[in-house]
1. Residue farthest toward the positive end of the dipole of the stretch 214-327, with Cβ of Lys/Arg at +1 and Asp/Glu at -1: which of Thr301, Gly277, Gly226?
2. Just rank Trp208, Trp235, fewest to most, by other beta-carbon atoms within 10 angstrom.
3. Excluding same-chain pairs closer than 8 in sequence, count the lysine pairs in the stretch 2-342 whose Cα atoms lie under 24 Å apart.
4. Report, in debye and to the nearest 20, how large the dipole of the stretch 2-342 comes out about its Cα centre when Lys and Arg carry +1 and Asp and Glu carry -1 on their Cβ.
5. Please report how far the C-alpha centroid of the stretch 171-190 lies from that of the stretch 55-99, rounded to the nearest whole angstrom.
6. Assign one of three labels to the stretch 231-344, namely rounded, prolate or oblate, based on the Cα gyration tensor with a ≥ b ≥ c the square roots of its eigenvalues; rounded applies when a/c is under 1.5, prolate when it is not and a/b is larger than b/c, and oblate otherwise.
7. Assuming R0 = 45 Å, what is the FRET efficiency of Arg318 and Asp117, from their Cβ-Cβ distance, to the nearest 0.05?
8. What does the C-alpha gyration tensor say about the overall shape of the stretch 2-342? Classify as rounded when a/c is under 1.5, otherwise prolate if a/b is larger than b/c, or oblate.
Amino acid sequence: MINYWFTMGPPHYGRRMRSSPIFRKGRPALPAVLTVSALTVGVSLTGTPARAATPPVSHARILAHLDLAAGAQPENIALEPDGSADLTYGFSGRVARVDRTGRVSVIAQVPIPADGDVPLTHGKIFLGGIVRLPGGARYVAVSTGTAQGTGVYRLRAGRAPVRVAALSPGAFLNGMAYDRRTRRLFVADSAQGRVWSLSPRGGAPAAWAGGSVLASRTAGGFGANGLKVRGGSVWVSNLDAGTLVHVPITRNGAAGRPAVAAKGLGPVDDFAFTGRGTAVLAAVNQENKVVLVDSRGTAKTVLTAADGLSNPTSVAVRGRTVYIADAAYFTRRDPNLLVARLRR
């Protein structure tokens, strides 16, 4: 299957996504602001033992079943010190928290503009990456297709989200990460095939990296998608190209020359480093699998739909625990937060 994706290319992700009901315009707007723990939803706390997990991943179980009808389709993950996971709900503008027992609460609501028209998906809003900085500040990437709404927002408990940096309405902001050395946030732009750099304190973002390795292969496709910082480089998945790319951060903070670290991955979304060098666990959305990509760029499947995956969008790793968010974009069944064990 990996060879197929590399030689033939993935299907037109943009077209398939736009044909899904979740990408149609005219979704009802939600309340502009919800305070911390303003809303909770019931979840099942009984996990399902792993049936298909492949080492070094094992003991997969669903920590929280989410409510598809309520727009609870998780796009990205940020982990809290206590093991809770903060999730962005892509199309409802909400940020939710799942604690270690599986209890879910909504902690923020980004305002949804009435005239929103997000590039590629044409909904009113899209929440992409979420980042928790070492001091506890949280930031989320927001796309609305409007000059007034698109950008990076800071989240504070009990307060309305505040936009700290405005970005082009033509951007589809996706994965996001923080680099401690340069003290900069990096954000992937799937529509324009680039990476933006900005200060968490605000100010004008800079177009940091671009080029063909970060661009989609097809008109209306998704280019730069997931994003992480590791080993002095920004790592980016290109969904349309099925690749994992790393871009060195030079001494002055500029982008070095991009290089493809892995190819033939299929519609690869977000990913996370395992803690072993540059090996990553990557979510392959439409194929309902998570793959382990080693330092040589070789991929093997470690989780599948048999373990509970339902269009995985993002991965986070802390110690021996793996968190996978499933948005059910295409299956339309059981969006969830799945956890598994990682042998290190």
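1. About the Cα centre, the residue reaching furthest to the positive side is Gly277.
2. Working: Trp208 19, Trp235 22.
Sorted ascending by nearby Cβ count, the order is Trp208, Trp235.
3. Values: Lys25/Lys124; Lys228/Lys263; Lys228/Lys289; Lys228/Lys300; Lys263/Lys289; Lys263/Lys300; Lys289/Lys300.
Eligible lysine pairs with Cα atoms under 24 Å apart amount to 7.
4. On the way: 40 positive and 18 negative charges, 119 e Å.
Value, rounded to 20: 580 debye.
5. Cα centroid to Cα centroid, the span is 20 Å.
6. Details: a/c = 2.06, a/b = 1.61, b/c = 1.28.
Prolate, because a/c is 1.5 or more and a/b exceeds b/c.
7. Values: r = 37 Å, r/R0 = 0.82.
For Arg318 and Asp117, the calculated efficiency is 0.75.
8. Working: a/c = 1.25, a/b = 1.02, b/c = 1.22.
In terms of gyration-tensor shape, rounded.
Values in this text are rule-based calculations from the coordinates and carry no lab data. Small disclaimer: the values here were computed from a predicted structure and weren't measured. Note: ideal-geometry Cβ built from the backbone for every residue, glycine included; neighbour counts use all protein chains shown.
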